[in-house]
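Notes for the one structure printed next.
Each reported figure results from applying straightforward, stated rules to the coordinates on display, with no laboratory input. The shown structure was predicted, so the numbers you read here are calculated from the model rather than taken from an experiment. Every residue, glycine among them, receives a Cβ derived from its backbone with ideal geometry; neighbour counts consider all protein chains shown.
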Amino acid sequence: MTRAKPEDDEYWNSSKFKAFTFDDEDDEFSQLKESKRAVNSILVDDDDEDEEDVERVSWSGEPVGSISWSVKETASSIRSGSEQSFPKIDTTPSLSKQGSGYSLSSLFKGNLHDLSPEETVRRMQKGRAFSLEKFCSLQDKLLLLDEAVAVYDGNVITAVLIFLKKSLSKEILFRELMARDVALRHYVHYLKEMGEQKLVVELLKALGRTEDMALMHYKEHLNIKDESRRRDFLKSCLSLPFSQDDATHVQDHYTLLERQIIIEASDKKAVAEIFKKFPRKASILNMPIITTLYYSCFYHYGESEGTFSSPSNIRKTFRISEKQYILTALGARAKLKSWFDVDSLFNTKNWLGYTKKRSPIGFHRVVDILHKNSAPVQVLQEYVNLIDDPDLKLSGALKYKCHDIVINTYRDLKDRQQLIVYREKLERDSPEYRKIQELLNNVQIRWKN
Amino acid sequence: MAHTEWRDAPELPDFSLLKRLARDQLIFLLEQLPGKKDLFIDADLMSPLDRIANVTILKQHEVDKLYKVELKPIVSSSDQLCFLIRPRIQTVKWISDLVNADKVAGRFRRYKIIFTPQKFYACETVLEEQGVYGDVTTDEWNFYILPLDDDILSLELPEFFRDNFLEGDQRWVTTAGSALHLLQSVYGSFSKVYGIGRCAKMVYESWRELMEEGEQRTRQPEFAKVFLVDRDVDFVTPLCSQVVYEGLVDDLFRIKCGTVELGPDVTSSDKSIKVMLNSQDKVFSEIRNEHFSNVFGFLSQKAKNLQTAYDKRRGMDIQQMKAFVSDELKGLKQEHRLLSLHIGASESMMKKKTKQDFQELLKTEHSLLEGFEIRECITYIEEHINRQVSMIDSLRLLCLLSITENGLLSKDYRSLKAQYLQSYGIKHLLTFANLRQLGLLEEQQAGETLTVMESKVGKLVNDKTVGKLTDAFSSLAKKSNFRALSKRLALVPKSGEEYDLRVPRDMAYVFSGAYIPLSCKLIEQVLERDGWTGLEEVTRMLNGQEFAVTARNKTDAQRIVLVMFLGGCTFSEISALRFLGKERDAYYVKQIEYMVNIKLSI
């Protein structure tokens, strides 16, 4: 076992010790330290040494005898190339491996040029010296690529692609990649990692993958920090060939940021009461639509639809469903404890002029949200009463201690036993306690138990 | 035979050897740059490195200071800089910039890059293009496998999944092949290899090539069977909320490299602490595989026992007390510490889970797995999105819906996607594009005859009924592979049956008795049949790519099974396999690319 000593662990995991720090601002490191000059450290890659790995692993000052058999000793045992103990499983893509034994000439670097695509790929796989110069004709280049794909080695596939990128025109390379999906995906990934977005966009366009191209281009906005530049960039995306749906979303994205910039500019210096009472914790820039709506319901409630910052404008511009709107507005107004606003969210007038409460979301959810915003019992009670499902209603009443509802429900159920049980949970001589007492003494009620 | 006890339980090999090998090679590489040097380490290599070497060892080999690679300018004053990194283009570019900046400043230093587990040509090309090839020497540290526990090996390559399945880049195929090769050369050969998946096949081929050309020990003792499985063979399992203890810890606190960082709310102090989670932790090893509902009872029983053990002190005389202190107290204190840690973690889990209506979430998942009340599930997911609660949970649910239903109906897909973008940000349309590429979240293709019929019928009835009809139609119309697979392999036990989580009867216990992980069920079936015979229909539904090969000189059936998840696995799957191992009297060693908790976002 190689267990680190505890002090080592601590050393390693924390930065309070001087020498080890993740903080490169630390001045301690400006101290110059005496350093020995290394003389003979440059490794010369000896390409044709099969044992390169072997030497490394078995090297150690420590007694590795027990494990040296792992690699070094195996070198002396039998080569089993001919006697394969496991069969191949897939015959389709593997090319013929005749001549996979190294030709004599391959031992001389000077003749690397004479190697076949198979031999070259094989050497590349092993990290030995190779030369791609010989692969001049398009056919040879493609043979090389196909061979790399056939041995499933992503590293080599990419290496060949880098060579093709340098030695073929874009048009020809793109054309050939069209029929080679595995190679194509390696190429796209490589270009992305190299940060060559423009070329990827070009490639996707050439391949007719216009939607992918549009998305790739759109993705660039993530790297733009300045919001006006980002907005302008998004605007430039509007003409890209997105799918119909995504086109709408990107349009929304642009409109949203445009509005957010306007709102942010004016709210930053806003002096209204609400901003003093509840100072903004963060800017509204780059927030999702729903967060923006919440913000607007919080700071700009009741503004007319004409202003960009008003909830109704945002709701309309971004086609927000009634359900989603109510949920968000409810959250914001409840947070502010504006119970009046909460009420009016649900009030509807029927043709006789009576108000009635209706909600696109279940009232049990409404109660839940009100409770999370610590609504007083009176408010909670009103909404618990509106819950349709009698079971949900009772459990809600019990959970939020709406005594009247609980008591009335049990009374209506003529459940004397439950009332007695509930009475015990209440404070003696509280109004609720007395109410139960009265009910229990009422001889008019026919209890079921 | 009446007695089977004579059979020795198979011994798991000592995987710590792998650490030693890796450490020795690292030391060798460090010695290649003699003299004092500063070492820059890739952030995600720090924990793995920590497992095999420590600062003392590095110091012994003249490492002066350690830095984390942050892709920012450096302040080192050393004349020799050594970089221990994953082969990533971005990091190599950063190093090239450092070298070039030094050149401009007329400063002479030696630079060495040690790539692990291997170098890529693409990285070397960067050095060449930046004009620093030759100024920088490069090397490979073949640190393929990190043993995380007695029965878990990891490649610690978090990018494996994304590179292979999303980008289609096969750069890690040979790495996985080499890892198998390494295991084989250290511990003995494999008697049998089974696998399923495109990547699994390539890994097998890559490993076989290595074996053929490498020098083979003949008559090496065989040590294990191997099962290779691609992550995309079973996407359902990693999408389900985990409910075994270790899985929950991972879902909530993220286990990285076998270590978890527990915050102040768990430790009930003002510090957060890092804890190693493995079989060395006696409390943890007893609860890690348990369904969460059993954990509380277990912990409180433990706490009582501990109290009794402490209480023994009362009425002891000096001699006894002395013995107690020297023999038991240390152990008790250790247990005390662990116990309070896990109790703290459990409490914190309960708090978080009740806050987000965990029961409702689980209920929805179970309905989706069962294919029951899909309309209600969609409504739940919608509300989940509308309330802007956990972005990742919303996405998980959407993917689970898509996979179990073989894609979403067009109108559902569009409306859910629109609501998702409204709630979590429009940039996530890129996430949706990625998920579609992976096949995790798809829109059903229009044009299917039933869709037309459905809309016609839809006009005749009211909205509520349309929903129900839609469900009926979609279940008829789609070749729902998950449903069929689930039926074929009996993954979802009949509902209504009581499932005693205290006494698990099958692997379904890891999901509260509601679902047996597809991946683990496949492994069980194939091992039982010693191949894929009789599973033809199943493999067809999984898009084929299955294989089973036997070594020519096959000896006795091996009871150690090495399961390699290409693209990562979950702790629930590990628990399920441990359960299977107990049932079958075998050991399952899990080799994984990385513990997933699938990262789905852009």
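What the table below lists for this structure:
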| quantity | calculated |
| --- | --- |
| Selected from B:Ile318, B:Gly263, B:Asn294, residue furthest toward positive end of dipole (the stretch B:256-345; charges at beta carbon) | B:Ile318 |
| Relative contact order, percent, the stretch B:13-123 [alpha-carbon distance under 8 Å, six or more residues apart] | 29 |
| P(r) histogram, all alpha-carbon pairs of chain B included - 20 Å bins from 0, percent | 17, 47, 31, 5, 0 |
| ³J(HN,Hα), Karplus 6.51/-1.76/1.60, whole Hz, each residue of the stretch B:109-117, x for Gly, Pro | 9, 9, 10, 9, 9, 10, 8, 9, x |
| Relative contact order (%) - chain B, alpha-carbon pairs under 8 angstrom, separation at least six | 18 |
| Among beta bridges that DSSP assigns inside chain B, antiparallel share in %, nearest 5 | 25 |
| All-pairs Cα distance distribution in the stretch A:113-253, expressed in whole percent, bin size 5 Å | 2, 9, 18, 17, 15, 11, 8, 8, 5, 4, 2, 0 |
| C-alpha center-to-center spacing [the stretch A:281-345, the stretch A:140-207] in angstrom | 49 |
| Phi to ³J(HN,Hα) by Karplus 6.51 cos²θ - 1.76 cosθ + 1.60 over the stretch A:131-146, Hz, x for Gly, Pro | 9, 9, 3, 5, 7, 9, 6, 4, 4, 5, 4, 6, 4, 4, 4, 5 |
